[in-house]
Amino acid sequence: MNIHEYQAKEVLARYGVAVPPGNAVSTVDEARSVAADLASQGHTKLVIKSQIHAGGRGKGTFTDGFQGGVKLCNTVDEAADIAGRMLGNTLVTKQTGPDGKQVNKVLIAAAEEILKEFYLAVLLDRACSKPVIMVSTEGGMDIEEVAEKTPEKIIKEWVNPGLGLMPYQARKLARALGLTGSLINQAVKLFIGVYNAWWKSDGALVEINPLCIVRKPDGSESLTAVDAKVSFDDNALYRHKDLAGLRDITEESPLEVEAGKYDLNYIKLDGNIACLVNGAGLAMATMDIIQYYGGSPANFLDVGGGASKEQVTAAFKIILSDPNVEGILVNIFGGIMQCDIIASGILAAVEETGLSLPLVVRLEGTNVAQGKKLIEESTLDVISADSLADAAQKIANAVKQAS
Amino acid sequence: MSILVNSDTRILVQGITGSFGGRHAQLSLAYGSQVVAGVTPGKGGQKFAETVPVFDTVAEAVAETGATVSAIFVPPPFAADAILEAVDAGVDLVVAITEGIPVNDMVQVKAAMQGSKTRLIGPNCPGLVTPGEGKDSHGGCRIGIAPGYIHKKGHIGVVSRSGTLTYEAVWQLTTRGVGQSTCVGIGGDPVNGTSHLDVIRMFNDDPDTHGIIMIGEIGGSAEEEAAAWIKDNCKKPVAGFIAGATAPPGRRMGHAGAIVSGGQGTAEAKKQAFRDAGIGVAETPSDMADTLLKMM
């Protein structure tokens, strides 16, 4: 589960991580009041940041032509004006896709003078099944590009999950970034705070880019998380009711939210052939074979091991609400499930949804003969297939002919 | 011969009185597997299916029945504890079927298992099957949730992260009259107990396994590591398939482990690693068995 930048900073602040003073708002009046507060604390420069679940905000463009989802300004009036241009507007960035995302909140924060930028992240290293904390002097850059071109500039420290991040490890990282004096102890506190936030809230990823040395209004230097991205392990949300409440459903695809209600795992893609499959691996493989035979998959859809008639009907409705879909491939390996029961579920769903698109059904497994017989004897227009390859070719051809 | 388990393997099931665990314990019994004990805390003294004794702890179940393998069907919040209880009781093999265990729990389990003699398979896996001699491979060892009847006793080893994709490969072999030595589902989670490479090494050492199908998917680098080892060490033909060529980067495709990030773990990179290692690459999931059979 992803959360917004302002929420990520709230989570991090609970673990003692320094973040720029500020607040998220959803109206111009609130924006003015937050900006006025910051100004009264001596902050002469402010930043207004659109809150959407996508990167590249600074270089993004709003659909009404307004440039930049992250803007600097010097006065309270300017801050309110910019917030007004952003709120309710739709921001398109390289990560949002052409439709963009609507901005419902903006973060108004102090834009302190940045003296130096770094990169910091905590995540799981799958190769050794241990947490890893990574830092780099190349802050504010695309870290994947840094990893590719100058891997030596990324410094990693693996963490014993029983001990957590030890202060000596944090000091090593601080020195690797070239920090000196009081900034070393600030870094130790911040690194351990970030690690604890990741571990204790079952984070998937905590990324701070940039992590900055900033000059405070009183002239002191502070190590501050100027931007932050936090995502959580969905499987662990049951034990973090407070974090689960940070979910912003408006950031998710409505079809994916609907699918979740029926325990269906659905991801919308750009193609025209929908598929309905049991098992994640087989679902991915079915998308692949559709493409291999010249089609283009419209979605990933895993109905799970024991799909009920209700789930199959819900799955058909979700598939059919994607206007790009021109044909459907059902691929079920009914290992434990019985194919005749699945077949009658499919036929009922076809009838209930009044399906008029080509539908190819490939069943394999227990009671497969009875299942195929049901489909063949049905008056509904359903094409039966024998193998995965046969099914993929049949649906690709049927869609070609229909168009 | 086979790897890890055979017809005589004595199995205990943790979570046998739950609906999921109970259903599959019943199916294993029907397949002719030696399910000798169940464990559900607080239900010790009961009988499952009128024959299988239920114990409060894994240690008691092991002491009383000589079970050497535990299948875990307990819900995600309790799964890490259940795995470590089985490890503590000294079983040889723990097969964790449970889907949805928090990743950090598995990070701790893995750290806690350092130095123990127990092997973990899974979690979030279909389990493993060593087919038997009888009709529809009856009499073999079925641990987990795979359909037993699709198997056939023989000499091909199958290893995969995905359940239904394993069944697909097994069924392709069986319908071509080719049997399997052992079929292992290692699970789709980012932190798991046994890797592709671990299983490939065992197949390589098993005189009864003559060829191997390795099924992988996008994400991580386990397939590449297995391929590198196969290139230098494997004496047997290996065919492979990688699922997820059409998956968009950055999206998690069902399995928590199946995610392409930063250009790493793509299907094309994995297929290339397979080709470089002399592994036959099935271009579609329909060709897994044929790709291997052509090499043998």
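The values are calculated or read from the model by the stated rules, or taken from the named source; none is laboratory data. The model shown is predicted, which means the values in this text are computed figures rather than measured ones. Cβ coordinates were reconstructed from backbone atoms using ideal geometry, including for glycine residues, and neighbour counts include every protein chain displayed. These accessible areas exclude ligands, DNA and RNA; they are computed on the full protein's heavy atoms, side chains included. Shrake-Rupley method; radii C 1.70, N 1.55, O 1.52, S 1.80 Å.
Shown in residue order for region A:132-145 are the 3J(HN,Hα) couplings computed by the Karplus curve 6.51 cos²θ - 1.76 cosθ + 1.60 at θ = phi - 60°: 9, 10, 10, 10, 8, 6, 8, x, x, 9, 6, 5, 5, 6 Hz (x for Gly and Pro).
Put a plus charge on the Cβ of each Lys and Arg, a minus charge on the Cβ of each Asp and Glu, and nothing anywhere else: the dipole of region A:37-160 about its Cα centre is then about 260 debye.
Taking A:244, A:170, A:369 in turn, the Gaussian network model of chain A (Cα-Cα springs below 10 Å) assigns the largest fluctuation to A:369.
Per-residue Karplus couplings for region A:243-250, computed as 6.51 cos²θ - 1.76 cosθ + 1.60 with θ equal to phi - 60°, are listed in order as 6, 4, x, 7, 4, 10, 5, 6 Hz, Gly and Pro entered as x. Which lysines, if any, have their Cα less than 17 Å from the Cα of residue A:45, not counting same-chain residues under 8 positions apart? Output for residue A:45: A:71, A:216.
Roughly to the nearest percent, how much of the accessible area of the protein assembly as shown is carbon and sulfur, given a 1.4 Å probe? Please report the intermediate quantities before stating the final value.
Working: 13640 of 27550 Å².
Within the protein assembly as shown, the accessible surface is 49 percent carbon and sulfur.
Relative to the longest principal axis of the C-alpha atoms of chain B, give the angle of the C-alpha long axis of helix B:103-112, reported between 0 and 90° and rounded to the nearest 10°. With both axes taken from Cα atoms, the answer is about 70 degrees.
Looking only at Cα atoms, what is the convex hull volume of region B:152-295 per residue, in Å³?
92 Å³
Classification of region A:192-257 by its C-alpha gyration tensor yields a prolate form. The axis ratio a/c (a ≥ b ≥ c) is 1.5 or more, and a/b outweighs b/c.
The alpha carbon convex hull volume per residue for region B:101-218 rounds to 105 Å³.
Compare each residue of region A:122-145 in its chain alone against the assembly with all protein chains, and report those whose accessible area goes down by 10 Å² or more; 1.4 Å probe, heavy atoms. Buried by the other chains: A:124, A:126, A:127, A:129, A:144. Simple rule: put +1 on each Lys or Arg Cβ and -1 on each Asp or Glu Cβ in the protein assembly as shown, find the dipole, and look at B:61, B:29, A:392; the Cα lying farthest toward the positive end is B:61. Taking every DSSP helix (H) stretch of at least 4 residues in chain B, weighting each as -39,500 (n - 2.57) and dividing the sum by the residue count yields a mean residue ellipticity at 222 nm of -10000 deg cm²/dmol. The residues of the protein assembly as shown expose on average 39 square angstrom of accessible surface per residue, using a 1.4 Å probe on protein heavy atoms. Rg and Dmax of region B:10-121, based on Cα coordinates, read 13.0, 38 Å.
Looking at region B:77-147, the trypsin sites (Lys or Arg not before Pro) that sit in a DSSP loop and have at most 15 other Cβ atoms within 10 Å of their own Cβ are B:117. Give me the angle, in degrees from 0 to 90, between the Cα long axis of helix A:280-292 and the longest principal axis of the Cα atoms of chain A, rounded to the nearest 10. Between helix and principal axis, roughly 70 degrees. Rolling a 1.4 Å probe over the protein heavy atoms leaves residue A:70 with an accessible area of roughly 50 Å². Look at the stretch A:231-241: the mean tally of other chain Cβ atoms within 10 Å of its residues' Cβ atoms is 4.
Here residue B:270 is the anchor, and the lysines within straight C-alpha reach of less than 18 Å, apart from those fewer than 8 places off in the same chain, are B:231.
So for each of B:33-41, A:93-101 I average, over its residues, the number of other beta carbons within 10 Å; can you give me the resulting order with the highest mean first? If you can, show how the numbers build up before the last one.
On the way: B:33-41: 23.6, A:93-101: 14.3.
Those peptides, ordered most packed to least, come out B:33-41, A:93-101.
Peptide B:98-110: average number of partner chain Cβ atoms within 10 Å per residue? Write down the numbers at each step before the final one.
On the way: counts 0, 4, 5, 3, 10, 11, 12, 4, 3, 9, 3, 2, 4.
So the per-residue partner count for this stretch is 5.
3J(HN,Hα) along region A:155-171, derived from phi through the Karplus expression 6.51 cos²θ - 1.76 cosθ + 1.60 where θ = phi - 60°, amounts to 10, 10, 9, 8, 10, 6, x, x, 9, x, 6, 7, x, 5, 5, 5, 5 Hz, with x in place of Gly and Pro.
Computed over the alpha carbons of chain A, Rg followed by Dmax gives 25.9, 82 Å.
Counting other Cβ atoms within 10 Å, which trypsin sites (Lys or Arg not before Pro) in region A:49-78 have at most 12 and lie in a DSSP loop? Before the final figure, lay out the partial values.
Numbers: sites: A:49, A:57, A:59, A:71; in loops: A:57, A:59.
Sparse-neighbourhood loop trypsin sites (Lys or Arg not before Pro): A:59.
Here residue A:156 is the anchor, and the aspartates and glutamates within straight C-alpha reach of less than 19 Å, apart from those fewer than 8 places off in the same chain, are A:117, A:125, A:138, A:142, A:144, A:145, A:148, A:207.
Give me Rg/Rg_expected for the protein assembly as shown, where Rg uses Cα atoms only and Rg_expected = 2.2 N^0.38 Å with N residues.
Numbers: Rg = 27.2 Å, N = 699, 2.2 N^0.38 = 26.5 Å.
It is 1.03.
Overall, the anisotropy analysis places region A:38-141 in the oblate class: the square-rooted eigenvalues a ≥ b ≥ c of its C-alpha gyration tensor yield a/c not less than 1.5, with a/b not exceeding b/c. Within 10 Å of the Cβ of each residue in B:282-290, the mean number of Cβ atoms contributed by other protein chains is 5.
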